[in-house]
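The values are calculated or read from the model by the stated rules, or taken from the named source; none is laboratory data. Computed from a predicted structure; not experimentally measured. In this analysis, Cβ positions are derived from the backbone assuming ideal geometry, glycine residues included, and neighbour counts consider all displayed protein chains.
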Amino acid sequence: MVPPQYYLLLAAAIFCIGLFGILTRRNALLFLMSVELMLNAANINLVAFSVYWGNVTGQTLSLFTMALAAAEVAIGIGIILTLYRNFGDVDVTDAASMRW
Amino acid sequence: MTTKPQLNDDSNFLPGLAALGLFVVMAVVFLQAEFGAPEGFPADVSIVASIGYAMFDISADQLQQQIVSAEGFLAAFLIMAIALDVAIDAAVYLAKREEAGEVVTALVEDVRSDDPTSGGEPSSGRGPAARADGGYDSSDASSGGDR
């Protein structure tokens with residue numbers, strides 16, 4: 001069996017790539033992709049420790065996380081569409097106020 | 001003249017150092033962590049069936065076959081079904097575009113499909129072209145608006 005430290009390192013790397021994208025980019029679509037990377041990093045940990053401890057709770061929970069990610073993307077794309085309509089761009093720093 | 005994609009390097013990469021620092025901290029902690037002996041799954045048990053039974057809260061004593069133990073997720077399954085339903089409704093609500101109370105198509109310019117040879121080109125001279133941001137380009141209908 002692969003040591004769990006390897007899974008943890010992989011998940012940490014993917015999480016930090018997502019965090020890097022959120023901290024450095026201004027494009028809303030790249031924001032959404034970065035959040036997906038961070039969510040999938042959590043999924044890797046759930047599945048890895050599910051196998052390690054011999055319990056399928058983690059794998060079942062990861063399925064729910066994927067469904068939650070799908071819902072988040074549906075809402076996120078709708079928000080980006082509205083952002084583009086109202087500001088003519090998908091730069092997240094343009095939407096600095098609650099009214100326009 | 002052809003153009004090629006170029007890396008958008010106008011971002012400030014300095015805040016990204018925080019992510020790099022976080023990875024270093026996590027890597028140090030993970031490599032020093034100690035875990036107990038791995039248990040793993042039994043060889044003669046179906047994992048996929050066990051996940052399915054866990055999702056619908058069916059315990060092992062109701063079944064003829066052996067399954068891997070897990071908690072029940074029936075309530076979470078129903079809540080997630082409602083959340084997905086709400087999400088698709090919200091996505092449709094956010095994506096639809098209304099002009100004077102009438103729903104029009106989202107992010108589509110004034111494309112007329114009556115001419116099959118046009119290949120979906122924006123119409124010219126037949127009224128104002130709809131821009132992607134919801135407005136109409138009345139000054140130059142043949143320009144195609146904001147792409």
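Given (1) at the interface with chain B (Cβ under 8 Å from one of its Cβ atoms); (2) under 23 Å from residue B:41 (Cβ atoms), where does residue A:67 come up short, assuming only one miss?
Status for residue A:67: all satisfied but (2).
Please verify whether residue B:43 is surrounded by 15 or more Cβ atoms within 10 Å (Cβ to Cβ), free of Cβ contacts under 8 Å to residues at least 40 places away in the same chain, under 18 Å from residue A:51 (Cα atoms) and more than 9 Å from every other protein chain (Cβ to nearest Cβ), treating the condition exactly as stated.
It is false that residue B:43 is surrounded by 15 or more Cβ atoms within 10 Å (Cβ to Cβ), free of Cβ contacts under 8 Å to residues at least 40 places away in the same chain, under 18 Å from residue A:51 (Cα atoms) and more than 9 Å from every other protein chain (Cβ to nearest Cβ).
Quick check: anything in the stretch B:9-16 farther than 22 Å from residue A:9 by Cβ, part of a loop (DSSP other than H, G, I, E, B) and modelled with pLDDT of 90 or more?
no
Could you tell me which of the residues A:73, A:35, A:56, A:90 is at negative phi, more than 16 Å from the chain's Cα centre (by Cα) and touching a residue at least 24 places away in the same chain (Cβ under 8 Å)?
A:90
How many residues are in contact with a Phe, Trp or Tyr (Cβ under 8 Å, 6 or more places away or on another chain) and of a type in the set (Ser, Thr, Tyr) when one looks only at the stretch A:58-76?
Total satisfying the criteria: 1.
If you scan the stretch B:70-96, which residues turn out to be outside any helix (DSSP H, G or I) and within 25 Å of residue A:50 (Cα to Cα)?
Hits for the stretch B:70-96 are B:70, B:71, B:72, B:73.
For the stretch B:58-79, which residues satisfy the criterion of being within 11 Å of chain A (Cβ to nearest Cβ) and among the acidic types (Asp, Glu)?
If the condition is that a residue be within 11 Å of chain A (Cβ to nearest Cβ) and among the acidic types (Asp, Glu), then B:71 is the only one that fits.
Residue B:48: facing chain A (nearest Cβ under 10 Å) and assigned to a helix (DSSP H, G or I), yes or no?
Against the criterion (facing chain A (nearest Cβ under 10 Å) and assigned to a helix (DSSP H, G or I)), residue B:48 qualifies.
So is residue B:69 modelled with pLDDT under 90 and farther than 30 Å from residue A:8 by Cα or not?
For residue B:69, the condition - modelled with pLDDT under 90 and farther than 30 Å from residue A:8 by Cα - is not met.
Between A:17, A:79, A:22, which is at the interface with another protein chain (Cβ under 10 Å from one of its Cβ atoms), assigned to a helix (DSSP H, G or I) and in contact with a Phe, Trp or Tyr (Cβ under 8 Å, 6 or more places away or on another chain)?
A:22
So, of the residues in the stretch B:80-98 that are within 9 Å of another protein chain (Cβ to nearest Cβ) and farther than 24 Å from residue A:65 by Cβ, which turns out to be surrounded by the most Cβ atoms within 10 Å (Cβ to Cβ)?
Residue satisfying both the conditions and the ranking: B:97.
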